[in-house]
Structure formats: C-alpha cells, structure tokens
Amino acid sequence: GASAAATAAAAAALRALARSAGRIAEDPQAPGRLLRVVGAAVGSSGPPQKAVAALLEATIACGVLAMRDALKALEEASIALPADSTVSLLSWCLQEEDEELAEVVERLARNTGGLPFGAYDSLLKLYARIDGARAARLFQEMLGDGFMASEGLCGSLISRSGESKNVAFAEGVAEYLRSKSMMSLAIFKTLMKVYAACGLYEKACDMYEEALALGIKPDSMMHSCAVKFAVKARRKDLSEELFNSAPETDIHNYMCLIRAAGRDAQVDRALEFFNRLKLHKPELIDSTVYNCILDACIVNNATEPAAEIIKEMEAVGACNCVTYNTLIKGHLAHGDQAAAKKSLSELNGAGLMPDSASFNGFLSAAVSAGDFKQVRSLVEEMDSKGVRLDHYSASILMKGARRATDADDASWLLTVLDRPGMNVCEDDILLNTALDACASRRDTKRLSRIVKEVRDSRLRPTVQTYGLLIRSCSILHDIRGCWEFWRQMVTERGMRPNNVTLSCMLDALVSTGRTGEAYKLFEEWRLEVLPNTVLCSTMLKGFANSGEAEKAMLLFKDMQARGVRVNHVTYTTLIDTQARAGKIKQAEELLLQMEQDGCQPNTITYSALLKGYCMKGDLDRALSTFEAMLGRGLEADIVVVNTLLDGCVCHSRFELADSLIADYPQYNIEPSAVTISILVKMWGKRRRLDKAFAVVRSHLALGKSGAPLDAKVGTCLISTCFHNRSPHQAIKALEEMKACDYWHGPDVGTYEVLILGLANAGMCKKAVELAEEAELLARDPSTQMRPIPAASLASLHSMLARHGMQEELAHRLPTRTSADAAAAMEHDRSAPLAPGRRAPPSGRRAPWCRGGR
C-alpha cells in the first residue's frame, strides 16, 4: 500500500493534468505517462478513482490517440477503470464508431468487476453494426444479469443490424420483444426496412401482415413501403390490395406498380396505372413519373406508346437528361446504336448536360464488342464535356481491362483507378472488378494499393470480395495477408466461405508450397463447402508440386466415389503428378482412362507426360508420344517443344536436339526465354561457349519482335561460362545483361552464381566488388532485388580464407543477422513455386533496364 501523502499527491497530479486540456492536446501521451508514474508510486492501492475518472474525461476531448495510450497505461499499471468512466468512454466509442477501443474499455471494465447497464447499451449498438454473433451473446448476457431491454434500445439495435445486414440478430431482438408483448408500429417499420435492405422482401411483407393481425394500424409511410416491398416480392395480390386501399395522393405507390408492370412485360397494365394517375391526380405527374412510364415502354420495345409519351413530355416541357438516358438505354438494349447516338445528339441539342449514365450504355456496348478504340474515344468525350466517371463507368472499364487482348489497351484502362476521387472501396462492384482486373493483369502496384485501401477502410467485404482479396494477396506473395482476410471472414465475422473463396485460399497455400496447410483446410471445410472439381484440382496441383503422387491418387478415387465431376484439368494435373514422381505407367493409364471418360487430352496433358519420359531418359518414347500428339491434330506449342529440347540436352542427346531445333519453323512457334536458356545450357555442355553467346545475341537482335529475356537466361549463361572455365566471359555476360534494352537486369541469383564462381576461380577482388554492387542494388527499393542470402555470404567468406584474402577483403562484405535470414526464407516461401504460363509480377526494374517489355 501507499502512504496517504503519496495517494494525495497522485490525486492532485491527476486533477491538475485533467484541468490542463491544452497540454494534453499538445502532448497526447501526457495522460498515459502520468498514469504509469502514479501507478508505480501508489502501488496496489491505486490512485483515487475520481481523479482517474477526471483525467480520462479530459482525455476524451483530445482524441483517440491520447485515449489509446491512457487506457494502455491503466492496463500496464494495473489501475482499475473507474465505473463512472466505463459508460462515458463506451458512449464516446459509439460516437466515434471505434470498435477496437471499445473492446479495450470492455476488457478493462470486466477486469474491474463487470459491466453497468449503460455500458451494455453502447456496446450492443456498436456490435450490432459490426458483429451480429457477438451482439447476440452480449444481449443474452445483459438479460442474464437481470437488465431489461427497452423498446427504444431494441429498435436502435434492429436498425443498426440493418446497416450491416445482420438479420439473425435483428430477428433475435424481435423475438425478445414478442415475448414481452412489446412489438409496436415503430418496431415493425424498422424490421421491414432491415428485411428490405437484405433483399428479403417476402419477410418484409410478413411484418406488415403480422402488424395488422396484432391490431396495429399502419401509417402512410409503412403502407407505402409495404406496396413497394410487395411489388419487389412479386406479391401481386398483396400489392394491388394495398394500392386499392391507399390514398390516391400517394404517388410512390403508382410508380412502384408501373415499374413492376414494366418488369413483368405488362406494358398495357403500366399504361393503365399511368392513365389512372392522370385521371385522378394530374397535378402529381412530373418528369419523374413520365420517365417511369417511358422506361416501362422502352424496355419492352413498345415504340408507339413510348413515342406518344415523348410527344406529351415535349409539349409540357418535362424532358430532362434522364428521359434521353432512358431512350439511349432502350435503343442499346435492342442493338440500335444509330438510334442511341441520335438520342445522345438530341440531348445535347436540347441544351441539357449529359451525365455518366448517358455514356455508360455506350461504354458497355464497346467493351462487349472489344472495340477499345471506341472505349477510349468515349472516355475522352466524357472528359471534354466535364462528365465524371462514376462507379458504374469505372467498373465497366475494369471489365474491359480484364478482357483486353492488347496490353496497351489494358494498361490505359487501368489508369482510371489513378484518377482523383476514385475510391474503389465506396462500391462493392467497382472494388470486385478492380481487384479482378489488376489481379488478371498482374498489376501488383495498383493491387497492393487497393488491398491497403481495403485494410484502412471500414468496409465490410462480401464473401466474393474476400475471395478476390485472398487471390490478390497471393499474387503479392503476402501469405500472411491471405490468412488475415480468411480469419476476418470466418472467425471474426462468422461468414461461411463458398467454393470460389475456399479455392482462392487453397491456391494461395498450394502455390507457396504449403500443401499440408492447404489439405488441412480442405478437410476442415469439406462437410460445409462440398468439394467440387475446382477445389479438388487445386489440391491435386498442390500434391503435384510437393511430389505426393499417392495422396493425389487417393483424392482422385475419393472424387470418383463422391461423384465429383472429373474434367481434363483434373486428369492433366494427375498425369503431371504421376509423371513427376516417375510413375510413368500410372500416368499412361490415366491418359487412357481420361479418353474413356470422354475428356480429350490437350497440349498441356501431353506436355506433362513428355516431361515424365524426359525425366526417365526415355527420349525415344517421348518423341513417339510427341508424334502421336501431332497426329491427333494438336499443335505443338513452345512449352511442349521446350520440354522435349530440355530432355535431349539433359541426357546429352544432341543429335535429337539439333533435329528438333531445325523443325522449329514448321511448328510456327517463337523461342521463349526458357528456350534460350536451354540452348545456352546445350552449347555449354558441348563446350561451345561462342555458340551460347551467339544464341543470346541473335535473339536480342530481334528487338521488340522477340520475347524479352529474363535474369534466368543471364544466370544460365554465366553458369555456362564457369562450366567452360571462362570467368572473364562470365563478367562480360553480366555487362551485356546490364547494357541490353531487351534483357531484364540481373537478379540476386545472377549475382550469387557470378560472385561465388569468381571467388572459386581466385578472382576474389572482383567477387567482393560485385557483392558490394549487389548490396547497393538491394537497398534501392526501385530495383525490387533481394539481398544476397547469408549462406552465400558465408561461402564467400570461406573462399576468401582459402585464397588468403580474408583479412584484406572480408570487412567490405555486408553482414546478415539471423532475422535477415529468416525474412529471406519467408520471402522465398511466399513466392509461387510454379508460375507456369503466367507473366512475372510487374514492378520497376533496375536502373540499367532502359527498354524491353
């Protein structure tokens, strides 16, 4: 315990700071520092609660940052949270919509002795909006503690549940009210809105009928909403009953019924409602009503009544931008581009300003037709007229970016995301299309930015969006991010993944070599998310990467037993798995079974089988299978030919390799970077280093018409130089890599091979010089190059010692800590194991890479 003097001094200090709001504003950490000092000074007895409460009250006015630090100090110093402060702090958290800070306050309050009723009020309102399951538990806890929930609190909880579409919690609160006979008109209206917000219009109608059964008389607003919900629920009998009993002045009822008739292709009925309105209340007819009936006619291609309505609108001056947009939409829906363009010209001629909706139909049509020249022209016209792209416009352009066959068109479309004020988190559809487009184009820069924006926002993603976010993190090699979004969806929000979302998570794990984790997750969810072809094929791909051929066959048999459809992708993956494991006979049997099941093998299927023959060294069988593939009418692609060529080189069948190279023109394929690497390796094994360099230089001479070479080609060429005992040529290869416009610069692997090769050859000074160069590049974020691993630096130190150069040169080498090594290992594990045919991630290249892709 503390002395009375220490306690009094502590109280005085706390009250003094509480009165100095200006000081807290200047130094938000001042309350936290004082609380830590006071806690240490007064010991277990703690400072006076009223003084602590006064300081916390003053801290509220100074913002979240100051409060976070103050509460952290309370926890660290074991100072009890004053009961008086709990309610005011939670009320403030509700006002700020800060659930994280509320969780801290709740934890401190529970440690002190429990929650007062006022605390339940704020916490329930906060959790009702973000976490229905948690709110339900807290609601039951409150009732269990003997507190009653008022109608006002329940109404607020139901309303906030609607904001986050937590229907289950709203229904639970409603059941409590029913049990207490506390259902009122206001509660029924709120429940109806919650159901409607979730698209449950049938249940919204049930609320109206339940209210009538209880003798509750609906007011005009509830009646109007009921008409609208009955229309959307396609409750024709109820909607007409409500309409006939409604006051004739309720214009919204008329419009709902006109829209419903138009949706059901009942143009005559829509006109009947419109004429009835004209008869009884002509003064209520304005541009909005005219546009409503016009839309019903245009959508159903009722040209004659539409023309009459337009004539009537022109006579009373009711035409506006929406009128012409409706005409444009109708013409485009029926494929009449000329009429749509005429309506756009008439809009401009009428002195009206077009909006984004005036152009969105044209944009959608141009994207669907793949006419990206027209898309660009339309966007430029919108810009010239000062028409801002809205979320719908941007989502159309994102779909175009995904579909575009020309990389320049796709790049231009993606620049839409860089426009000022373009916030993808404000619209679910735009967010999904933007994530999908950037992921498909491997635009890692924009993808990373969007993922960060999602994390920083208060967005409540859908299951579909979570799948796209997980896929995006996988492309960014951020496996922790994949798990973060998965746990947020499943654990924090209690959402159930669908097949697509689970497939994205499994693929993220499989592509980074975490097949065991993937299979554990697959088994965990297989009862709730029934395995389909995509999920099983993803797991088979993982077994192929990890070489677990037996597990792959067991899963295949399980698929057959469960009736899961097996397609050519499944069979191809299985054949690849068995071929990689050296089980050629099993792979051949799968190929036969594949054909018997009506799945036609494609080029990729044969490529997998050829790879197995090449690994075994059975080149003759590989070539005969290749000929059989061509005999089936399948065309050889670069992957198949590279597989064969690599097999010939690996087993020194150079005469076959020469024959295959000579046949390249007849296959109508262009060499890839992989092809050049194989050829370099071949000439190295044949002791013709001049030919290896010649192959690379001839390909680079093609310029833009040839495939750009990556760092692996350079690494292969340097290895070939050392294989032929020509270290000076290896240095020359590096210089050529740096100087060439169509050769991606060296990566860390290139430097590793060159540095260790030079040191082994006794050229230690040059090796250290290049190690210093590599270190500088690794420190430059623009190069995206990783530092040389600690293991390679250790090998270099050993070589310096062997050549007697340790004392002279070792001090120039960088050092690596164990943490650095662990980070490098994690980076390696995050990188995809088998990118296959996918393009490499985009990003800035090293300063020497001036041109190229």
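The values are calculated or read from the model by the stated rules, or taken from the named source; none is laboratory data. Because the structure is a prediction, the values reported are computed rather than measured. With ideal geometry, Cβ positions are generated from the backbone for all residues, glycine too; neighbour counts draw on all protein chains shown. The accessibility values were calculated without ligands, DNA or RNA, using every heavy atom of the protein model including side chains. Shrake-Rupley method; radii C 1.70, N 1.55, O 1.52, S 1.80 Å.
What are the residues in region 549-565 that are open to solvent by 50 Å² or more (accessible area, probe 1.4 Å) and either at pLDDT below 85 or over 30 Å from the mean Cα position of the chain (by Cα) (or both), if any?
Pass one, region 549-565, residues open to solvent by 50 Å² or more (accessible area, probe 1.4 Å): 550-551, 554, 557, 560-563, 565.
Within region 549-565, GLU550, LYS551, LEU554, LYS557, GLN560, ALA561, ARG562, GLY563 meet the criteria.
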| field | Residue, least open to solvent (accessible area, probe 1.4 Å), within region 85-103, restricted to residues that are in contact with a Lys or Arg (Cβ under 8 Å, 6 or more places away or on another chain) and at pLDDT below 85 | value | LEU101
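How many residues, within region 636-655, are farther than 17 Å from SER607 by Cβ and either buried (at least 23 other Cβ atoms within 10 Å of the Cβ) or under 46 Å from the mean Cα position of the chain (by Cα) (or both)? Spell out how you get there, then give the answer.
If we filter region 636-655 for residues that are farther than 17 Å from SER607 by Cβ, which is where we start, we get 651-655.
If we keep only those that are either buried (at least 23 other Cβ atoms within 10 Å of the Cβ) or under 46 Å from the mean Cα position of the chain (by Cα) (or both) as well, we get 651.
Number of matching residues: 1.
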| request: Please find, within region 406-426, the residue that is farthest from PHE362 (Cα to Cα) out of those that are part of a loop (DSSP other than H, G, I, E, B) and at pLDDT below 90. | output: GLY421
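Name the single residue that is most open to solvent (accessible area, probe 1.4 Å) among those in region 490-520 being of a type in the set (A, V, I, L, M, F, W, C) and closer than 20 Å to THR462 by Cβ.
Residues of region 490-520 that are of a type in the set (A, V, I, L, M, F, W, C), as a first pass: 490, 495, 500, 502, 504-506, 508-510, 518.
With the extra rule that they be closer than 20 Å to THR462 by Cβ, the set shrinks to 490, 495, 500, 502, 504-506, 508.
Working: VAL490: 32, MET495: 41, VAL500: 98, LEU502: 2, CYS504: 26, MET505: 0, LEU506: 0, ALA508: 1 Å².
Looking at residues that are of a type in the set (A, V, I, L, M, F, W, C) and closer than 20 Å to THR462 by Cβ, I get VAL500.
Please verify whether THR625 is outside any loop (DSSP other than H, G, I, E, B), of a type outside the set (Phe, Trp, Tyr) and under 19 Å from ASN545 (Cβ atoms), treating the condition exactly as stated.
no
Would you call LEU108 aliphatic (A, V, I, L, M) and within 30 Å of LEU185 (Cα to Cα)?
The answer is no for LEU108.
State whether the residues of region 148-166 include one that is farther than 22 Å from MET183 by Cβ and of a type in the set (S, T, N, Q).
First, the residues of region 148-166 that are farther than 22 Å from MET183 by Cβ: 164.
Filter once more, so that each one left must be of a type in the set (S, T, N, Q): 164.
Yes: region 148-166 contains one or more residues that are farther than 22 Å from MET183 by Cβ and of a type in the set (S, T, N, Q).
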| query | Taking into account only those residues within region 197-217 that are over 19 Å from ASN253 (Cα atoms), of a type outside the set (A, V, I, L, M, F, W, C) and touching a helix residue (DSSP H, G or I) at 6+ places or on another chain (Cβ under 8 Å), which is surrounded by the most Cβ atoms within 10 Å (Cβ to Cβ)? | reply | LYS203
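Provide a single number: the residues in region 176-203 that are part of a loop (DSSP other than H, G, I, E, B) and of a type outside the set (Ser, Thr, Tyr).
At the first step, the residues of region 176-203 found to be part of a loop (DSSP other than H, G, I, E, B) are 180-184, 198-200.
Next, only the ones that are of a type outside the set (Ser, Thr, Tyr) stay: 180, 182-183, 198-200.
Qualifying residue count for the region: 6.
Using the structure shown, decide if ALA340 is over 41 Å from the mean Cα position of the chain (by Cα) and part of a helix (DSSP H, G or I). Give the steps one after another, and end with the answer.
Numbers: over 41 Å from the mean Cα position of the chain (by Cα): no; part of a helix (DSSP H, G or I): yes.
No; evaluated as a whole, the condition is false for this residue.
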| said: Among the residues that make up region 367-379, is at least one of them in contact with a Lys or Arg (Cβ under 9 Å, 6 or more places away or on another chain), open to solvent by 70 Å² or more (accessible area, probe 1.4 Å) and not in a helix (DSSP H, G or I)? | reply: no
| request: Select from region 442-458 the residues that are touching a helix residue (DSSP H, G or I) at 6+ places or on another chain (Cβ under 8 Å) and part of a loop (DSSP other than H, G, I, E, B) and write down the one among them that is least open to solvent (accessible area, probe 1.4 Å). | output: ASP443
| field | GLN586 vs. criteria open to solvent by 50 Å² or more (accessible area, probe 1.4 Å), farther than 27 Å from ASN498 by Cα and assigned to a helix (DSSP H, G or I) | value | yes
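Criterion first (open to solvent by 10 Å² or more (accessible area, probe 1.4 Å), among the basic types (Lys, Arg) and in contact (Cβ under 8 Å) with a residue 40 or more places away in the chain) does ARG526 satisfy it? Please lay out each step first, then the result.
Working: open to solvent by 10 Å² or more (accessible area, probe 1.4 Å): yes; among the basic types (Lys, Arg): yes; in contact (Cβ under 8 Å) with a residue 40 or more places away in the chain: no.
Spelling it out, it is not the case that ARG526 is open to solvent by 10 Å² or more (accessible area, probe 1.4 Å), among the basic types (Lys, Arg) and in contact (Cβ under 8 Å) with a residue 40 or more places away in the chain.
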| If MET594 passes every condition in (1) part of a helix (DSSP H, G or I); (2) free of Cβ contacts under 8 Å to residues at least 12 places away in the same chain; (3) over 22 Å from ILE661 (Cβ atoms) but one, which one does it miss? | (2)
| Here is a list of conditions, (1) in contact with a helix residue (DSSP H, G or I) (Cβ under 7 Å, 6 or more places away or on another chain); (2) surrounded by fewer than 18 Cβ atoms within 10 Å (Cβ to Cβ), and ALA170 meets all of them except one; can you say which number that is? | (2)
| request: Within region 680-713, track down each residue that is farther than 18 Å from ARG725 by Cα and buried (at least 16 other Cβ atoms within 10 Å of the Cβ). | output: VAL695, VAL696, HIS699, LEU700, GLY706, ALA707, PRO708, LEU709, ASP710, ALA711, LYS712, VAL713
| field | Given (1) out of contact with any Ser or Thr (no Cβ under 7 Å at 6 or more places or on another chain); (2) among the hydrophobic types (A, V, I, L, M, F, W, C); (3) surrounded by 15 or more Cβ atoms within 10 Å (Cβ to Cβ), index of the condition ALA315 fails | value | (3)
| message | I'm checking my understanding of the structure. Among residues of region 714-762 that are surrounded by fewer than 18 Cβ atoms within 10 Å (Cβ to Cβ) and touching a Phe, Trp or Tyr at 6+ places or on another chain (Cβ under 9 Å), which one is farthest from SER672 (Cα to Cα)? | response | ASN760
| task | Have a look at SER239, SER220 and point out the one that is in contact (Cβ under 8 Å) with a residue 12 or more places away in the chain, among the polar types (S, T, N, Q) and open to solvent by 70 Å² or more (accessible area, probe 1.4 Å). | result | SER220
| In region 130-161, how many are under 22 Å from GLY114 (Cβ atoms), of a type in the set (Asp, Glu) and assigned to a helix (DSSP H, G or I)? | 1
| remark: Over region 396-441, the set of residues among the basic types (Lys, Arg) and either open to solvent by less than 20 Å² (accessible area, probe 1.4 Å) or closer than 20 Å to LEU468 by Cα (or both) is LYS399, ARG402, ARG403, ARG441
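Among the listed residues GLU826, GLU769, which satisfies the condition of being modelled with pLDDT of 90 or more and either open to solvent by 70 Å² or more (accessible area, probe 1.4 Å) or closer than 22 Å to SER448 by Cα (or both)? Walk me through how you get there before you give the answer.
Details: GLU826 fails: modelled with pLDDT of 90 or more.
Among GLU826, GLU769, only GLU769 is modelled with pLDDT of 90 or more and either open to solvent by 70 Å² or more (accessible area, probe 1.4 Å) or closer than 22 Å to SER448 by Cα (or both).
Here is a yes/no grid of residues against (1) free of Cβ contacts under 8 Å to residues at least 60 places away in the same chain; (2) of a type outside the set (D, E, K, R); (3) in a helix (DSSP H, G or I); (4) in contact with a Lys or Arg (Cβ under 6 Å, 6 or more places away or on another chain):
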position: ARG460; (1), (2), (3), (4): no, no, no, no
position: GLN464; (1), (2), (3), (4): yes, yes, yes, no
position: ARG471; (1), (2), (3), (4): yes, no, yes, no
position: PHE485; (1), (2), (3), (4): yes, yes, yes, no
position: MET489; (1), (2), (3), (4): yes, yes, yes, no
position: MET495; (1), (2), (3), (4): yes, yes, no, no
position: SER503; (1), (2), (3), (4): yes, yes, yes, no
position: LEU506; (1), (2), (3), (4): yes, yes, yes, no
| query | Quick check, is THR570 open to solvent by 60 Å² or more (accessible area, probe 1.4 Å) and of a type in the set (S, T, N, Q)? | reply | no
| request: Kindly indicate the residue of region 656-678 that is surrounded by fewer than 17 Cβ atoms within 10 Å (Cβ to Cβ), part of a loop (DSSP other than H, G, I, E, B) and in contact (Cβ under 8 Å) with a residue 12 or more places away in the chain and also farthest from the chain's Cα centre (by Cα) among those meeting that condition. | output: ASN668
